[in-house]
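Below: one structure, written as structure tokens.
The values are calculated or read from the model by the stated rules, or taken from the named source; none is laboratory data. Since the model is a prediction, treat every value here as computed from it, not as a measurement. Glycine also receives a Cβ, built like all others from the backbone with ideal geometry; neighbour counts cover every protein chain displayed. Only protein heavy atoms, including side chains, enter the accessible area calculation; ligands, DNA and RNA are left aside. Shrake-Rupley method; radii C 1.70, N 1.55, O 1.52, S 1.80 Å.
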Amino acid sequence: MALRTEHEIHGRRKSRNVGLGVVLIGFVALVFALTVVKVQQGGLLEAYDHQPRVSMTPIVEPVAPVQEVQQ
Amino acid sequence: MTDINAYEATPEAEFGDFVALLKPRVMSLVVFTAFVGLFVAPVDVHPFIAFCSVLFIALGGGASGALNMWYDRDIDAIMNRTQTRPIPSGRVDGGAALGLGLVLSVISVMMLGLVANWFAAAFLAFTIFFYAVVYTVWLKRWTPQNIVIGGAAGAFPPMIGWACATGGISIESVLMFALVFFWTPPHFWALALFMKEDYHKAGVPMLTVTHGRQVARRHIFAYTLVLAPFALWLGLTSVGGPLYMAVAVVLNAAFIRGGWQILRRAEETAIADGYAVEKRVFKLSLYYLFLHFLALLVQSWIGGW
């Protein structure tokens, strides 16, 4: 009797591996496409990018100009 | 002495078995109603964002299905209809189903929050909790009203879809919820009348067994009456219109008539003709829900009132 290297179990295992691979690749593609869409939409693109964010800096009351006293 | 050993059959699942854990047929209802809820909302959503939103709502629904199959593995093994499910048939290990359900729950909720908004994500998390814990663990084996309250889990998707677009709840989304919620009991009890499943053997209280089939018939008719005003009310809101109203009037009249026929039938008559009316009303209930949501979709496309 010849030994069969490919058992039915291997087929099922393979379908699981291939399926998971496809799902993972699909997920990566999805997140990438989502990123492109979100960036294109702009909207709330404000991050800590080494620039002072006006919305977060404390409000500074304008100082009244000092009147020069004329002599 | 022999050297031959029989190993315990290790579950060697194929990919399709894990897909089956997510209850694809239930998922199709979730996908359709969530999509309609999102599409008819008054806020424009980027098509890809809409696609991803519906995808992760469906994935969350699938995750709750896997959790349901994990918890119900003992009664699934007893009932004929569910014996071929992945866990009772031995193809998937119970722990694997639990893990899949939990992981997919977290992924779907987090992704929906990132894709749409965190209100919709919290809503999805609540729905998963409601189906997996409130319905499956608590209500299903405790009260014959299980499917009434459990039906809420199936009714949330259009509200989540609406929340993805608008970030909130409004009368339209609540009425879409009511449409699915009050539709569920007559739909399932009509099925229970002719499917005569071995629920009682598995210890699941079904109204047809605990209170008798005549009570179930009365309940079916009562729910078709309760359902109709909500279906028509939805037509008077911003998502309604002449087309939806026409569809709703016809379908609700037909559904109430079907409920009335079920009520008037004696069990002997039903047995004699092989539950012809019950089967017809069950089929009608499928069209009922599908056509209502399809009408909403078309109405939103052509413009409402």
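Given the rule -39500 (n - 2.57) for each run of at least 4 DSSP H residues, summed and divided by the residues of chain B, what is its mean residue ellipticity at 222 nm, to the nearest 500 deg cm²/dmol?
Numbers: 14 runs with 221 residues, N = 305.
Helix contribution divided over all residues of chain B: -24000 deg cm²/dmol.
Could you please state, rounded to a whole Å, how far the C-alpha centre of region B:38-83 is from the C-alpha centre of region B:201-254?
The two parts, judged by their Cα centres, are 23 Å apart.
Convert each backbone phi in region B:60-73 into a coupling constant with the Karplus relation 6.51 cos²θ - 1.76 cosθ + 1.60 (shift: θ = phi - 60°), then list the ³J(HN,Hα) values in order as whole Hz, x for Gly and Pro.
x, x, x, 4, 5, x, 5, 5, 4, 5, 5, 5, 8, 4
Can you give the average number of partner chain beta-carbon atoms within 10 Å of each beta-carbon in peptide B:12-20, as a whole number? Present the calculation step by step, with values, prior to reporting the outcome.
Details: counts 8, 4, 10, 12, 4, 3, 4, 2, 0.
If you average over the peptide's residues, the count of other-chain Cβ atoms is 5.
Sort B:29-42, A:13-26, B:220-233 by packing, meaning the average of other beta carbons within 10 Å per residue, with the highest value first.
Values: B:29-42: 23.2, A:13-26: 12.5, B:220-233: 19.1.
In decreasing order of mean packing, B:29-42, A:13-26, B:220-233 become B:29-42, B:220-233, A:13-26.
Please report, as a whole percent, how much of the solvent-accessible surface of chain B comes from carbon and sulfur atoms (probe radius 1.4 Å).
Working: 9460 of 13570 Å².
Carbon and sulfur together cover 70 percent of it.
Between their Cα atoms, which of B:Lys196/B:Lys283; A:Lys38/B:Lys23; A:Lys14/B:Lys140 are more than 25 Å away from each other? Please list the in-between numbers first.
Working: B:Lys196/B:Lys283 17 Å; A:Lys38/B:Lys23 31 Å; A:Lys14/B:Lys140 37 Å.
Table pairs above 25 Å Cα-Cα are A:Lys38/B:Lys23; A:Lys14/B:Lys140.
Considering every residue in A:27-35, what mean count of other chain Cβ atoms within 10 Å of its Cβ is obtained?
Details: counts 2, 0, 0, 7, 4, 0, 3, 8, 0.
Mean shielding by partner chains, rounded to a whole number: 3.
How large is the Kirkwood hydrodynamic radius of the protein assembly as shown, counting all unique pairs of alpha carbons, in Å?
Working: mean 1/r = 0.0421 Å⁻¹.
Result for the protein assembly as shown stands at 23.7 Å.
Taking H as built 1.01 Å from N, whose amide H comes closer than 5 Å to the amide H of B:Ile78, not counting residues under 5 places away?
HN-HN under 5 Å from B:Ile78: empty list.
Residues of B:45-56, mean number of Cβ from any other protein chain within 10 Å of their own Cβ, rounded to a whole number?
Details: counts 0, 5, 1, 6, 4, 0, 3, 5, 0, 0, 1, 1.
Average per residue, whole number: 2.
State, in square angstrom and to the nearest 100, the accessible area buried between chains A and B, both chains counted, probe radius 1.4 Å.
Values: alone 7750 and 14270 Å², together 20610 Å².
The buried area between A and B, both sides summed, comes to about 1400 Å².
Given DSSP loops and a limit of at most 16 other Cβ atoms within 10 Å, what is the longest stretch of chain B that contains no such trypsin sites (Lys or Arg not before Pro)?
Numbers: sites that count: B:Arg81, B:Arg141, B:Lys196.
The longest uninterrupted stretch comes out as B:197-305.
Can you list the HN-Hα couplings for region B:117-123, worked out from phi with the Karplus curve (6.51, -1.76, 1.60; θ = phi - 60°), rounded to whole Hz and with x for Gly and Pro?
Running phi through 6.51 cos²θ - 1.76 cosθ + 1.60 with θ = phi - 60° gives 7, 7, 5, 4, 5, 5, 5 Hz.
After finding the eigenvalues of the alpha carbon gyration tensor for chain B, what semi-axes result from the square roots of 5 times each, listed largest first in whole Å?
For chain B, the semi-axes come out at 33, 29, 14 Å.
Please give the per residue accessible area of the protein assembly as shown, computed with a probe of 1.4 Å over protein heavy atoms only, in Å².
On the way: 20610 Å² over 376 residues.
Using a 1.4 Å probe on heavy atoms only, each residue of the protein assembly as shown averages 55 Å².
In sequence order, what are the phi-derived ³J(HN,Hα) couplings for region B:102-113 according to the Karplus relation 6.51 cos²θ - 1.76 cosθ + 1.60 with θ = phi - 60°, rounded to whole Hz, with x for glycine and proline?
Along region B:102-113, the couplings run 5, 5, 5, 4, 5, 4, 5, 5, 4, 5, 5, x Hz.
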